[in-house]
Amino acid sequence: MPYLLQCRRYRLPLRAPLRTAHGVEEQRDGLILRLEDGAGRAGFGEVATLPWFGTETTEEAEAVLKEIGPEPGADVLSRVPVIFGCLRHALAAAQAALAGDDDGAELEALPKSLPVAALLPAGREALPRIGPLAEAGFRTFKWKVGVGDVADELALLDDVCARLPEGAKLRLDANGAWPRRAAERWLERAAERPVEFVEQPSFAKAAEGTALVRRTEDLLMGLAGDFPTPIALDESLVGDGDVARWLAQGWPGVFVLKPSLCGDVSTVLAQLAAAKAAVVFSSALETAVGAKSALAHAFRWQGPVRALGFGVWPLFADARFDGPFAGPFLRREDVARLNPEAVWNALS
Ligand code: MG
């Protein structure tokens, strides 16, 4: 019995413009899939593309869906190339929802809440934000670095650390901005400070050529071996294949996993669990549809809990599309309450 596969595109204005490594975004663009089985039950999935992060574009995903057609078989996932990590994720999520993987009974056995990391703005603006966030209960803080001059930002590090509450941890996210020397200076300085990890100090996109990608990956492996502070991969992990590749190379650091970009994420997580890898779950700026699926994976993770990178909502001008509000903790019941069908209906 074939499925019935439908798709609705969304273009949602954001509540406030979002500054990314590639400029300013004012809207979020993607697809919601609805997969209906022979019994008339429906599962939903979200194609939350982030092309500036190295994923497919929404148009490319739509073109593959056109080829697949409206009545695919149970092997639908195998018809999508591995590089289409967002589309593969959406189809796998819709199939999992149909299989009852996110029903209430299973969720009952999971933690009631998970901690969330507070996001600090780049530069000096971070300083006045730390006190109120600590007061609210946050104990993990993520500071955007690699935005301004290296020396200026380094000079602020001790001021940032001094404002952290007792026992708090700081994540430094460079979004791939640093050449070798800058990365080394930061990693030298991070040692002996309460830095949980340095996220993606350097990065080269596939489009920049295999030679540069290989050199950058060698640099990351070298830095991970030379400094005591762990390094986290984020931009380096897009699509199902990347995690397996880094695991095979023996990556000793942290994996920042955006489930929405990682294809068949159950398989990816099984690989990470088998390797006893350190995993941080992180948002790809999804609607409630992608949020429900991504966060269900985070709550099911059996390894050590690290603060979630999901403090992104409210995100959309139209609050019907938002994922759960995240204070210092994100509650399982708020994830269970998300209603993918309502998002689907709101797009009609
Ligand atoms: Mg990051």
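The values are calculated or read from the model by the stated rules, or taken from the named source; none is laboratory data. Note that this is a predicted model, so its numbers are computed, not measured. Neighbour counts are summed over all protein chains in view; Cβ atoms, including those assigned to glycine, are modelled from backbone coordinates with ideal geometry. Surface areas here come from the heavy atoms of the whole protein model, side chains and all, with no ligands, DNA or RNA. Shrake-Rupley method; radii C 1.70, N 1.55, O 1.52, S 1.80 Å.
When only residues in region 66-75 that are open to solvent by 50 Å² or more (accessible area, probe 1.4 Å) and touching a residue at least 24 places away in the same chain (Cβ under 8 Å) count, which is nearest to Val47 (Cα to Cα)?
So, considering only residues that are open to solvent by 50 Å² or more (accessible area, probe 1.4 Å) and touching a residue at least 24 places away in the same chain (Cβ under 8 Å), the one nearest to Val47 (Cα to Cα) is Pro70.
Of all residues in region 106-163 being in a loop (DSSP other than H, G, I, E, B) and more than 21 Å from Glu199 (Cα to Cα), which is most open to solvent (accessible area, probe 1.4 Å)?
Checking each candidate, the answer is Lys112.
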(request) Starting from residues that are of a type in the set (Gly, Ala, Ser) and open to solvent by 30 Å² or more (accessible area, probe 1.4 Å), keep the ones in region 205-221 and report whichever is farthest from the ligand (Cβ to nearest atom). (result) Ala211
(request) Return only the number of the condition from (1) open to solvent by 30 Å² or more (accessible area, probe 1.4 Å); (2) in contact (Cβ under 8 Å) with a residue 24 or more places away in the chain; (3) of a type in the set (Ser, Thr, Tyr) that Ser78 does not satisfy. (result) (2)
(message) Condition first: out of contact with any Cys (no Cβ under 9 Å at 6 or more places or on another chain), of a type in the set (Lys, Arg) and modelled with pLDDT of 95 or more. Can you find one or more residues in region 190-213 that meet it?
(response) no
(message) I'm told Leu98 meets every condition in (1) hydrophobic (A, V, I, L, M, F, W, C); (2) closer than 15 Å to Leu261 by Cβ; (3) open to solvent by less than 30 Å² (accessible area, probe 1.4 Å) except one. Can you identify the failing condition by its number?
(response) (2)
(request) Specify which of the listed residues (Val82, Val24) is assigned by TED's automatic domain parsing to the domain that holds Ala94 and assigned to a loop (DSSP other than H, G, I, E, B). (result) Val82
(message) Please go through region 180-204 and give me each residue that is more than 13 Å from the ligand (Cβ to nearest atom), part of a loop (DSSP other than H, G, I, E, B) and open to solvent by less than 60 Å² (accessible area, probe 1.4 Å), ordered by number.
(response) Ala191, Pro194, Ala204
(message) With the requirement that a residue be farther than 19 Å from Leu120 by Cα and within 18 Å of the chain's Cα centre (by Cα), what does region 168-203 give you?
(response) Ser202, Phe203
(message) Going residue by residue through region 156-179, is there one that turns out to be more than 29 Å from Leu133 (Cα to Cα), more than 16 Å from the ligand (Cβ to nearest atom) and free of Cβ contacts under 8 Å to residues at least 40 places away in the same chain?
(response) yes
(request) State yes or no: is Ala63 among the aliphatic types (A, V, I, L, M), open to solvent by 40 Å² or more (accessible area, probe 1.4 Å) and part of a helix (DSSP H, G or I)? (result) yes
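Please tell me if Leu50 is at pLDDT 95 or above, among the aliphatic types (A, V, I, L, M) and open to solvent by less than 20 Å² (accessible area, probe 1.4 Å).
In short, no.
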(request) Hey, can you tell me all the residues within region 310-331 that are open to solvent by less than 30 Å² (accessible area, probe 1.4 Å) and either among the aliphatic types (A, V, I, L, M) or under 12 Å from Ala291 (Cα atoms) (or both)? (result) Phe310, Trp313, Leu315, Phe321, Asp322, Gly323, Pro324, Ala326, Leu330
(message) Please list, ordered by residue number, the helices (runs of 4 or more DSSP H) wholly in region 226-308 having 1 or more residues that are open to solvent by 20 Å² or more (accessible area, probe 1.4 Å), within 16 Å of the ligand (Cβ to nearest atom) and in contact with a Leu (Cβ under 9 Å, 6 or more places away or on another chain).
(response) 240-248
